[in-house]
Amino acid sequence: MTNQSYDVIVVGGGPMGLSTAYHLSKRRAKTLLLEQFTFFNQLGSSAGVSRQFRLPYPEQYMVQLVKDSIPYWEELQSLTPVQLMDKVGTLWFGDPAVHSTEGNIGQAEKALQALNVPYTQLTAAEIEKQYHFKNLPSTYIGLFQADGASIDLKATQKTLFDWNLASSLVTLLEEAPVIGVRQTKDRHFVVTTPQGDFTARKLVLVPGPYANGVFELLGFQVAATYWNMASAFYKVTQPGIQYPTWFVFQNPVGENGNQFYGFPEVDWNYPGYIRVASDFVIEPLSSPEERSPVPNPQELAFTAAWVKDHMTGLDPTPHFTSTCLVALSKIADKELLIDFAPPYVPDHKDIVIYATGWAGKFVPLLGKILSDLALDGHTPFDIAPFALGSIYFKAL
Ligand code: BEZ
């Protein structure tokens, strides 16, 4: 398989790469999708099966982006009989003064109001009565937004994978890490892998937490830190109890980052168990190679203690533990990085990148945005807040 020519080469075969290839094929672009490991691997940001779909965000532009994603989720849903989302609502609750990695409850309320997204406000007593939590400080407040859901990420990925596999325009190639990228005089890229060289006019680089390893080949890197996030399942002891997707805002206590989130029981992910996870790491990683499939025991212990103290109907012993590796931007206000390569890279507008951030809920829309950028050089969606700006730095 050498020297084959494509319109676009997409690097990274996770949900984002599969979604980009799907949208490129709809635009009739001949596309090669390169995956360094195997498709559906558990080594990157798509590890595990569920993700949260939620509208509350502290920034209006993020709420708008979630709203913009809805027609693309509907389009994807129309391709499969498997239900991609379990719509149980989003519950955000906790200390109203806390500003966490997910923002702040009051700011999210303002952003929802500005975009006419309906939600209800809750007191601590109402949260306990309606949503099965217990022993909450009386000062806690909450908001419930009914469109929130648990996303079946595996089914989402499989729907996109099956489409691409059936498409005569898409070639899927696994175990094909990119080990070199060369630019030719006639504005083409030659991408080298152990399986051969491939040529294209455009590149879309979406290798998740492994992004800097690919960007480096083009002479730049982004300022990222890496979280190896711990997750576990807790056995349901009270049949019929159902939780929404939820997130609790609390101040850290020592090493305990004290932010937790959880999911409903779903029939596609360890039925009889409920997933609860910590939204903090005790030690961020400085490179994706440091990742471990074994969760940090303290992060698990803090989560299990929170389950014991504040959730009803669950046995607080963690089961089926796992980790998920995510790259996060070191620049505080940049949740997602979506842009072209930095201007000093020759033909930088022919190289589209998606680099950092939690984006499971945006998979169908970001594929559309990245394909727009590759084929048209622009997109109608507001991605200005996600620009690289000056935060990239050259590889040493
Ligand atoms: C999210 O919805 O983006 C999210 C939820 C929980 C933890 C991290 C991210």
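The values are calculated or read from the model by the stated rules, or taken from the named source; none is laboratory data. The shown structure was predicted, so the numbers you read here are calculated from the model rather than taken from an experiment. Cβ coordinates were reconstructed from backbone atoms using ideal geometry, including for glycine residues, and neighbour counts include every protein chain displayed. The accessibility values were calculated without ligands, DNA or RNA, using every heavy atom of the protein model including side chains. Shrake-Rupley method; radii C 1.70, N 1.55, O 1.52, S 1.80 Å.
Once you put a point 7 Å from the Cα of K87 and another 7 Å from the Cα of D309, both along the Cβ direction, what distance in nm separates them?
The modelled label-to-label distance comes out at 3.6 nm.
Calculated FRET efficiency, A125 and W268, Cβ-Cβ r, R0 45 Å, to nearest 0.05?
Using R0 = 45 Å, I get an efficiency of 0.85.
Using a simple spin-label model with points 7 Å from Cα along the Cα→Cβ vector, what separation in nm is obtained for K349 and A146?
Result: 4.6 nm between the two label points.
On the protein heavy atoms, probe 1.4 angstrom, tell me the percent of accessible surface of segment 170-292 carried by carbon and sulfur.
In segment 170-292, the share of accessible area belonging to carbon and sulfur is 48 percent.
Roughly speaking, what is the stretch gain from Q238 to T199, that is 0.36 nm per residue apart minus the C-alpha to C-alpha distance, in nm to one decimal?
8.3 nm
Under the 0.36 nm per residue contour assumption, what length would be gained going from the current alpha-carbon distance of T38 and T101 to full extension?
The span from T38 to T101 would gain 19.6 nm if fully extended.
Might you tell me the accessible area per residue for segment 1-61, computed with a 1.4 Å probe and given in Å²?
Per-residue accessible area for segment 1-61 comes out at 34 Å².
For a quick protection proxy, order the peptides 162-172, 273-283 by their average other-Cβ count within 10 Å, most packed first.
Put in order of decreasing packing, that is 273-283, 162-172.
Ignoring ligands, DNA and RNA, what accessible area per residue does segment 272-345 give at 1.4 Å, in Å²?
Per residue, segment 272-345 has 42 Å² of solvent-accessible surface.
Pairs of alpha-carbon atoms within less than 8 angstrom and 6+ residues apart define the contacts here; what relative contact order does segment 10-86 have, in percent?
Relative contact order here is 21 percent.
Leaving out ligands, DNA and RNA, what percent of the accessible area of segment 60-100 is carbon and sulfur, probe 1.4 Å?
54
Could you tell me how far the Cα centroid of segment 61-105 sits from the Cα centroid of segment 20-43, in Å?
24
Return the subset of K134/K235; K67/K330; K154/K235 for which the Cα-Cα distance in this structure is over 24 Å, preserving the input order.
In this structure, K67/K330 lie more than 24 Å apart at Cα.
Please label the shape of segment 1-144 as rounded, prolate or oblate, based on the square roots a ≥ b ≥ c of the eigenvalues of the alpha-carbon gyration tensor (a/c under 1.5 means rounded; beyond that, a/b larger than b/c means prolate, else oblate).
Here segment 1-144 falls in the prolate category.
What is the distance in Å between the Cα centroid of segment 321-366 and that of segment 212-288?
19
Pull out the extension gain between A114 and E216, defined as 0.36 nm times the separation in residues minus the alpha carbon to alpha carbon distance; nm, one decimal.
Extending this stretch completely gives an extra 32.7 nm.
Just to verify a number: FRET efficiency for K30 and V294, C-beta to C-beta distance, R0 = 41 Å, to 0.05?
Efficiency for this residue pair is about 0.50.
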